[in-house]
């Protein structure tokens, strides 16, 4: 399942984007030289590309996967990439709280 989701994410991204797994079922995508509107569009594209996947369990039962995605862009207070990633993580949890399977923009 993780390989299928990862492939869908990578296939949605540009060559200049950096995709990585940061633990468990969490992935991160860094989008250099991308405005927040473009990041939101890509996040929605990724969400939709995973939503339409149909996977089959070990018991041969079909199931679907959804994504909750947090998007953050660099603001003057950010000193490191970790600062941006932390805000994206908070936005991801906000997406989960709002009902899952959605994209949420982090507060600046």
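Hey, could you check the range 49-75 for residues that are part of a helix (DSSP H, G or I) and touching a helix residue (DSSP H, G or I) at 6+ places or on another chain (Cβ under 7 Å) and say which is surrounded by the fewest Cβ atoms within 10 Å (Cβ to Cβ)? So, considering only residues that are part of a helix (DSSP H, G or I) and touching a helix residue (DSSP H, G or I) at 6+ places or on another chain (Cβ under 7 Å), the one surrounded by the fewest Cβ atoms within 10 Å (Cβ to Cβ) is 49. I'd like to know if the range 39-48 contains one or more residues that are under 16 Å from residue 27 (Cβ atoms), free of Cβ contacts under 8 Å to residues at least 40 places away in the same chain, part of a helix (DSSP H, G or I) and in contact with a strand residue (DSSP E or B) (Cβ under 6 Å, 6 or more places away or on another chain). Yes, the range 39-48 has at least one match. Screening residue 28 on (1) farther than 14 Å from residue 106 by Cβ; (2) at pLDDT 95 or above shows it passes everything except condition (1). I'm checking my understanding of the structure. Among residues of the range 31-40 that are at pLDDT 95 or above and exposed (fewer than 15 other Cβ atoms within 10 Å of the Cβ), which one is nearest to residue 75 (Cα to Cα)? By that ranking, first place goes to 35.
The values are calculated or read from the model by the stated rules, or taken from the named source; none is laboratory data. Keep in mind the model is a prediction, meaning the values are calculated, not measured. Neighbour counts are summed over all protein chains in view; Cβ atoms, including those assigned to glycine, are modelled from backbone coordinates with ideal geometry.
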